[in-house]
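Worksheet for the structure shown next.
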Amino acid sequence: MKMYLVRIMRGKTHSFLYGALSVFVVTFLLNVMVLRINLIESQGTGPKSEITHELNKEEAYLNYMARGQRKPKAANENEYLKEFLQHSVIKDSNSLTQEKTMNSFQDYKSAINDKNNVILQTLDRRNEEKTVSIKSVNYEDENDYDEDEYDDEENEENEDEKPPKNKIFEPGDFVNVSKIIFARPLLKYQDVQINEGSEKVDNNEDLIRQNYQTLSGEQIVTDGIYWSDLAVKIVPKGMDQDEAFQFVHKSQHASVKSIHPPSWNKCGRPKNAYIVLDNGSSFCARYRDPHNKLVLGEVMSFYLSRLLGMDNIPAVVLAITNQTSRHWRNVNITSVQWQNGKVVALIQWTPYMETVKSLVSIPNILLKTYESSSVINKNYLRNITLTFNEISELVQWSSMILFDYITGHYDRFASMQDGAEQEHRRGVLSEKVRNLLKSTKTNKLWFIDNESGLFDAYDLIYNTAGNSFIKYHRLMLQTMCVFKKSMVDSISRLHLSENPHLVLEGFAARHEPFLDYFSKDYVYSTFKEKFKDRISEVYNWIQHCKLKNR
């Protein structure tokens, strides 16, 4: 009986195994057939390809582009159409009528625009997800400080009495300046996980590269004078507004962990210093006493850049030297020839810019424009294609030109213009630009050493024999008629303000409590008068560009 039962069980087991094997074989054969069909279709044969060959020309050409091919270059629309037909995967163009061909071509151009929009929507969604991710991992710092006594370690704040979360003042918030109330910075801050604060790798360019190899002028200029969203997204990103001010407020409450004399590749000239805070952030400290207009110029240039929506000016934090305070007692400030009670500017150290690979020259397209007294505008860019690096540099240079004009910065490209004229040597213009560096990690351009901006520069230009820089700044401004729209909007609002210098001061005072340390002497009076003038001059040039490039 037992033997009989065992034989029955063995038979059932064999039947089950045979059944499972049969199912596996059938499934495998079906998969092979599907793969074979897909392979045939992908190679241009089989029933699916016959349907493809019935598509009109713009659909077939889009399929051609989707496989990684380049958009055809053309000098005008007729050439564009010719290349469109030549590159089409359908070779029966003779069967199409003239009218149908032109309609097909226009549909093709519309489809390309739709494709661009899809890419931009994907980039925007990715950036929104990144912003939510960054904000979700912020932490409140464990130390709170009394508003009036930063150095008193025994003060304890009631945890139930939390300060209100005031909105950070943003560019575009000032329409009627008389109604703005500027508050002192909140004394609670959120920790920023990126200590160095300036280098973030963005994948936007990778996504764009998957769809393009180069971009034409029509794709990078919009509305006559603005860089397109696609062009702006190619530029590597720095810290956004919230992150920048979190970094500033965090640094204002930290102590100095170490202080080092300057070197050729870290912080430069004597009496500067390389400083590391106890939160890990690094700075170049600028000590200029008694010439404190240079310190003021550094910090105000930073806040102007933020007011204009720029993210490639290193953050600046003011500090007062005091060997006995908790901020400085761990270091010896006399080791760098400093004295007590002096204001210094702590300038955010931006990594990956310590080598000769970071040195930057003017882009060839911009140099040729300058030397020929022409201008980069939509017509100039219409018939050329540019690489991603060329587009990125042009976008950033256009912002630098506006920024340096407003601040009067004379120690960047303007000093090279002066050198070329004084030495009667045009080759000076193609040399490495002072105070302009490129990150070897992200290729982002950084405008460093802005101490001459607004105060020392205005003093030189308008109160001494430095008026030649007025000419140099104007010549450089007139080489560019394409700008970031966000920057143009901010300049327009400043221009409409009755007292734009008060807008800038109020914006800076919102975040920097030591701003009132500086006396308002004749240099301040020059800034008060000429800041509005230079804003208006830039605004008027932008309006000129609009009229010429409608």
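Quick look at the numbers
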| quantity | calculated |
| --- | --- |
| Any hit, the range 470-490, residues being modelled with pLDDT of 95 or more, more than 23 Å from residue 456 (Cα to Cα), open to solvent by 10 Å² or more (accessible area, probe 1.4 Å) and touching a helix residue (DSSP H, G or I) at 6+ places or on another chain (Cβ under 8 Å) | yes |
| Residue within the range 526-536 that is of a type outside the set (Phe, Trp, Tyr), within 28 Å of residue 359 (Cβ to Cβ), under 24 Å from the mean Cα position of the chain (by Cα) and open to solvent by less than 60 Å² (accessible area, probe 1.4 Å) present | no |
| Checklist (1) acidic (Asp, Glu); (2) more than 22 Å from the chain's Cα centre (by Cα); (3) farther than 19 Å from residue 301 by Cβ applied to residue 459, failing item | (3) |
| Residue within the range 221-238 that is open to solvent by 10 Å² or more (accessible area, probe 1.4 Å), without any contact (Cβ under 8 Å) to a residue 40 or more places away in the chain and part of a strand (DSSP E or B) present | yes |
| Subset of the range 479-512 [among the basic types (Lys, Arg) and part of a helix (DSSP H, G or I)] | 485, 493 |
| Cross-chain or 6+ apart pairs with Cβ under 8 Å, the range 431-453 first and at positive phi and assigned to a loop (DSSP other than H, G, I, E, B), then surrounded by fewer than 23 Cβ atoms within 10 Å (Cβ to Cβ) and hydrophobic (A, V, I, L, M, F, W, C) | 435/448 |
| Filter result for residue 494 (closer than 21 Å to residue 365 by Cβ, modelled with pLDDT of 95 or more, hydrophobic (A, V, I, L, M, F, W, C) and over 21 Å from the mean Cα position of the chain (by Cα)) | no |
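The values are calculated or read from the model by the stated rules, or taken from the named source; none is laboratory data. Everything quoted here is computed from the prediction, not taken from an experiment. FYI the Cβ positions are ideal-geometry reconstructions off the backbone, even for glycines, and counts take in every protein chain you see. Ligands, DNA and RNA are excluded from the accessible area calculation, which covers all protein heavy atoms including side chains. Shrake-Rupley method; radii C 1.70, N 1.55, O 1.52, S 1.80 Å.
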